[in-house]
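Coordinate-derived values only; no laboratory data. Just so we're clear, the structure is a prediction, and the values are computed from it rather than from any experiment. For neighbour counting, all protein chains shown are included, and Cβ atoms are generated from backbone atoms with ideal geometry for every residue, glycine included.
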Amino acid sequence: MKKKIYIKTYGCQMNVYDTERMVDVMAPEGYEPSDTPEGADLVVLNTCHIREKAAEKVYSDIGRIRRIKDEKKKNGEDMVLAVGGCVAQAEGAEIMKRAPVVDMVFGPQTYHNLPKMVKQSISLKQRGEKSRILDTDLAVDEKFDQLSKKDVKKKPTAFLTIQEGCDKFCTYCVVPYTRGSEFSRTIEDVMKDARKLADAGVVEVTLLGQNVNAYHGVSGSGDEWGLPELITELAKIDGFERIRYTTSHPHDMTDELLRVHGDVKECMPYLHLPVQAGSDKILKAMNRSHDSASYKRTIAKLREIRPDLALSGDFIVGFPGETEEDFEQTMQLVREVTYAQAYSFKFSPRPGTPAALMDDQVDEDVKSTRLTKLQALLKEQQTAFNNSVVGRVLPVLVESTGKTKGAAFGRSPYMQAVQISLGNKSYDDLYGKIVDVLIEEGGPFNIQGVLA
Ligand code: SAH
Ligand code: SF4
Ligand code: F3S
């Protein structure tokens, strides 16, 4: 009989990608994906440790799953409850202690072992043993050896992880500890997965990595490619019409990579390049290895190459020692640089990171006030950017059905979410295609248009 696996994904796109690989690796074991934890034989929480709130959510979800598990037990059934991802890596032993209902805890670099771990867990339970499984090994290469894309379902967009881990050690960040040190997949592996995606009808591929622009892949024959070479080669694959990559670090934004945005038409005019703060004092304390001037220079160069570039970023407010004046420098940088879209957060002290122990922690209410101000400015800029395309015809990749009947959802080259009125055209005919859309309405979030 088929079994069911339910995976809840928290956090970044890397986790979304990993979740898909876990589903792949469990399929040959007879596990079918399920949309709810009720009735599932295996529940995996694929967790995120980046900010306090994200990590705390896991424990409340464990409580919710426990009740479902208890119900199942009343009917003489059982489920395996597993916690994977970055919280598992960071606090595996604590989860085991705090949540006895959890059967298995495993870190992001162990997913290829999932079938083995699940079998082991089931047999431990059947033998009535109390011991549980904890695997937080960080050897990333083995994971990728055994976890390449399986049968890819037909869909127009896909992620492709090309790099994992981080050696940058920004003083606020847990990623170097949860994902381990920087690792790039080989050229052959990446190209093999990319061809599978193209064969499955993928039109837009997003290359993923915690520091994707630090990619340095090697091949069996001794070639070495950075991200510019990789994008250039991927663009030659039939079917790929759009290439994106995320997340980049300003430090690794080389001139060659900037030029790719001008030379390779498949490379989209959109870039997520987090700056985090506008004050050089704070950037230094964050160990960001760039300052506000070098960041602005990079953006200026890129806009010379791609004047229509849509820029996205990440910001942290209330980093230890951030004064009103430092914060004002962040606001000033945003006013100068202008963003099409951005993410912003209150600094969250994370266990084990240097910034958590720094003096001059900023009060929560000050952080909140600053975040509100920054978000208002960013929203204004996002709306202005969206409004600036009203009246233009943009190529939009149709990804799913829209909010209303007779509408479809897609993305513009600038990553804008577009609701498309289909008129008398059928959604099925347009799904997965890039269509010309006349943008009629802007606004802060979804923009609206009609088939041109
Ligand atoms: N590798 C990427 C993304 C890392 S995590 C990069 O270097 O930019 C995504 C974002 O979460 C970061 O860019 C940062 O803005 C935010 N973040 C990370 N740690 C945080 C913390 N302790 N508190 C608040 N925000 C944090
Ligand atoms: Fe975290 Fe900094 Fe690495 Fe990004 S570059 S993952 S923010 S340590
Ligand atoms: Fe979160 Fe881990 Fe991604 S901490 S942001 S899931 S790398």
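Key figures
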{"read-out": "Fully extended contour minus Cα-Cα distance, from Ile305 to Ala417, at 0.36 nm per residue", "value": "37.9 nm"}
{"read-out": "Those Cys residues of the chain for which no other cysteine Cβ falls under 4.7 Å", "value": "Cys12, Cys48, Cys86, Cys166, Cys267"}
{"read-out": "Net charge of Cβ neighbours under 14 Å - reference Met14; Lys, Arg +1; Asp, Glu -1", "value": "0"}
{"read-out": "Calculated over the stretch 393-451: convex hull of Cα atoms, volume per residue (Å³)", "value": "69"}
{"read-out": "Environment charge of Asp365, counting only residues whose C-beta is closer than 15 Å and scoring Lys/Arg +1, Asp/Glu -1", "value": "0"}
{"read-out": "Net charge of neighbours whose Cβ lies under 12 Å from the Cβ of Tyr414, counting Lys and Arg as +1 and Asp and Glu as -1", "value": "+4"}
{"read-out": "Förster radius 45 Å - calculated FRET efficiency between Ala27 and Lys130, Cβ distance, rounded to 0.05", "value": "0.90"}
{"read-out": "Computed label-point distance, nm, for sites Arg392 and Ala139 using a 7 Å Cα→Cβ extension", "value": "5.0"}
{"read-out": "Farthest positive-ward along the chain dipole, Cα basis, beta-carbon charges - from Thr178, Leu160, Ala88", "value": "Ala88"}
{"read-out": "Contact order relative to length of the chain, as percent, for alpha carbon pairs under 8 angstrom and 6 or more apart", "value": "10"}
{"read-out": "Helix-derived mean residue ellipticity, 222 nm - over the chain, DSSP H n ≥ 4, -39500 (n - 2.57), to 500", "value": "-11500 deg cm²/dmol"}
{"read-out": "Estimated FRET transfer efficiency when R0 is 22 angstrom, pair Ala376-Thr323 (beta carbons, to 0.05)", "value": "0.60"}
